[in-house]
Amino acid sequence: VMATARKYILAAHFQGAPKRSDLQIVEEKLPAINDGEFLAEAVWLSVDPYMRPYSRRFKVGDTMIGTQVAKIVESKHSTFQVGDYVVGNFGWRSLTISSGKQVSKLDRKLYTDQKLSTAVGILGMPGASAYLCFFKLCCPKEGETLVITGAAGAVGSAVGQIAKIKGCRVVGFAGSDEKISYLKGIGFDEVYNYKTISSLKDTLNTACPKGIDMFFDNVGGEFFDTVLPLMNEFGRVSICGCISQYNLEQPEKGARLSGTILFKQLRVEGFIVHRWLSEWPEAFKELNEWIEKGQLKYKEHVTQGFDNMFDAFAGLFTGKNLGKAVVKA
């Protein structure tokens, strides 16, 4: 029987905030699978902020990018069997034919039925981002102060807890009272709703009496310009995202910070987490140990249904999600 896949294609490049009409669901008749291929059905799909800037690289008509957890429903592949679960960059689609290249089979001891979705969350790319980019770029030392923006997102909320495990003081910023109370509950020392504080600079000075040693930034823009001059000498800045800028048509005018970076001898580094792909399994092992011990908590913002995927994606830019945004196919 010929299978029919449903997929989201880019109908128009995003201008400003993503609009529903920018994406279109189309059907695609799939051929029979060949030797060395398998057919996988989406179970959990990821929506992430990076999809917005990356989409500029695509042509109109291309399938929207993204990672998913999928179940193999048909196989002519020696290592991928029917019933196996995999994680792959299949994009926003319901069925995918794959050769298994750049696809990981999920170890069901780690990714149990209850934890399958974590393969695109805390035990997936966002978890790897939190772990590797915090340790490699922030180089934490006990007693140091860390500031996190986008602190209630999939990455930020994990970074804060990892920093607490390592004995740091953690100050987080998020955009709703619900997020603030969640972050206090998982052990952040100070948390602020950036929408309701009168002065970001004054708030940072109060929250960080010993200055700021590490800055894990998911937001960019005014936050970045305000935090950098308050950093201590030899401070480390890890740039994980700049979600405040992704929907802008024209870049904002910002502060001139090269003098600050020079005289404070700061290290400011951006990262794309696939740089350390070989170290992901080690990261997941330790993250999972912390989860099992109750030292690391994670939250998921679940949207039901492949047809509601656009809403899940658009919600990322209006702060709808607390924790990792995932879609149950």
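Data for the structure
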{"item": "Segment 143-170 - residue that is more than 11 Å from the chain's Cα centre (by Cα) and of a type in the set (Val, Ile, Thr) and, of those, surrounded by the most Cβ atoms within 10 Å (Cβ to Cβ)", "result": "Ile148"}
{"item": "Count - residues of segment 29-40 that are surrounded by fewer than 17 Cβ atoms within 10 Å (Cβ to Cβ), touching a residue at least 60 places away in the same chain (Cβ under 8 Å) and either closer than 24 Å to Asp307 by Cα or not small (Gly, Ala, Ser) (or both)", "result": "2"}
{"item": "Members of segment 9-27 that are in contact with a Ser or Thr (Cβ under 7 Å, 6 or more places away or on another chain) and not in a loop (DSSP other than H, G, I, E, B)", "result": "Ile9, Leu10, Glu27"}
{"item": "Set Leu123, Leu106, Leu146: member being in contact with a Leu (Cβ under 8 Å, 6 or more places away or on another chain), modelled with pLDDT of 95 or more and more than 30 Å from Thr4 (Cα to Cα)", "result": "Leu123"}
{"item": "Filter result (in contact with a strand residue (DSSP E or B) (Cβ under 8 Å, 6 or more places away or on another chain), under 12 Å from Val171 (Cβ atoms) and not in a loop (DSSP other than H, G, I, E, B)) within segment 201-222", "result": "Thr203, Leu204, Ala207, Ile212, Asp213, Met214, Phe215, Phe216"}
{"item": "Residue satisfying condition, being over 22 Å from Ala32 (Cα atoms) and either touching a residue at least 40 places away in the same chain (Cβ under 8 Å) or in a strand (DSSP E or B) (or both), within set Val87, Val73, Val60, Val69", "result": "Val60"}
{"item": "Pair list, Cβ under 7 Å, 6 or more apart: segment 193-215 residue open to solvent by 80 Å² or more (accessible area, probe 1.4 Å), other residue in a strand (DSSP E or B)", "result": "Tyr194/Phe173; Lys210/Thr145"}
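The values are calculated or read from the model by the stated rules, or taken from the named source; none is laboratory data. Bear in mind the structure is a predicted one, so any value in this text is a computation, not a measurement. Cβ atoms come from the backbone with ideal geometry, glycine included; neighbour counts cover every protein chain shown. These accessible areas exclude ligands, DNA and RNA; they are computed on the full protein's heavy atoms, side chains included. Shrake-Rupley method; radii C 1.70, N 1.55, O 1.52, S 1.80 Å.
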